[in-house]
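Written below as C-alpha cells is the structure these notes are about.
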Amino acid sequence: MIKFHELKVGDFLIADNDGDQRRGEVTNLNGNEKQVCVDNGIQEFWYEMNQLSALDVTEEELVNLKFHKELQSDRSVKYAKGAFRMLIPKEADFSTMEIWYRDERRHILHPIPLHELQNHFHEMTKVHLNHEVFD
C-alpha cells in the first residue's frame, strides 16, 4: 500500500473506484483527511489511501514519459530524459538502478514504484516527471 507522505502532485498511480481501476495523476492532496485527488483522464475524484495502488517502473511507462532508450555494450540499458539518466543492469530488469542528474548520483538497490522514481526525478531536477519532453 502507498503511504500518504510518499505522494506528490503530478505522481502517477492506479485509482480503484468500486472495482474500476484506472491509471491517473495526482492533482491535489488533503493531508487532514489523508485523501488524494486523482485525474483519470475522464474526471477528477477524491480517493482514500486504500483505493490507490502503485504503478511499476517498466519500459512502457518510461517510453510514455518520453525517455530515450540506449542499449549498452555490457547488456545494461540506459534511459535518458534531458540530462537525467537511469541505468538498469539488464533489459526489463528494474529491480536495481543507478540514476543521476549532473553531479548527483543515486543507487537504488530494490524495486521502486513509478511515483517514487518521479519523486527522485523531481528532487534532483526540480522539474516534475511527466509526459512533456525537455532537453
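Quick one: in the stretch 99-115, which of the residues that are under 15 Å from F67 (Cα atoms) and without any contact (Cβ under 8 Å) to a residue 60 or more places away in the chain is nearest to the chain's Cα centre (by Cα)?
Looking at the filtered set, the residue picked out is I99.
Take the residues in the stretch 9-49 that are assigned to a strand (DSSP E or B) and among the basic types (K, R); name whichever of them is nearest to L62 (Cα to Cα).
Going through the qualifying residues, I end up with R23.
Do we have K69 as modelled with pLDDT of 95 or more, of a type in the set (K, R) and either surrounded by 12 or more Cβ atoms within 10 Å (Cβ to Cβ) or farther than 15 Å from H131 by Cα (or both) here?
Against the criterion (modelled with pLDDT of 95 or more, of a type in the set (K, R) and either surrounded by 12 or more Cβ atoms within 10 Å (Cβ to Cβ) or farther than 15 Å from H131 by Cα (or both)), K69 qualifies.
Would you check which residues across the stretch 74-93 are closer than 18 Å to E116 by Cα, of a type outside the set (A, V, I, L, M, F, W, C) and not in a loop (DSSP other than H, G, I, E, B) and list them?
Y79, K81, R85 - these are the residues of the stretch 74-93 that are closer than 18 Å to E116 by Cα, of a type outside the set (A, V, I, L, M, F, W, C) and not in a loop (DSSP other than H, G, I, E, B).
Test each condition in (1) within 21 Å of F12 (Cβ to Cβ); (2) not in a loop (DSSP other than H, G, I, E, B) for W100 and report the one that comes out false.
(1)
Which one of these does Y79 not meet: (1) surrounded by fewer than 18 Cβ atoms within 10 Å (Cβ to Cβ); (2) under 16 Å from the mean Cα position of the chain (by Cα); (3) touching a residue at least 12 places away in the same chain (Cβ under 8 Å)?
In the conditions (1) surrounded by fewer than 18 Cβ atoms within 10 Å (Cβ to Cβ); (2) under 16 Å from the mean Cα position of the chain (by Cα); (3) touching a residue at least 12 places away in the same chain (Cβ under 8 Å), Y79 misses (1) alone.
The values are calculated or read from the model by the stated rules, or taken from the named source; none is laboratory data. Here the structure is a predicted model, which means the values were calculated and not measured. When we count neighbours, we look across all protein chains shown, and the Cβ atoms used for this are built from the backbone with ideal geometry, even at glycine.
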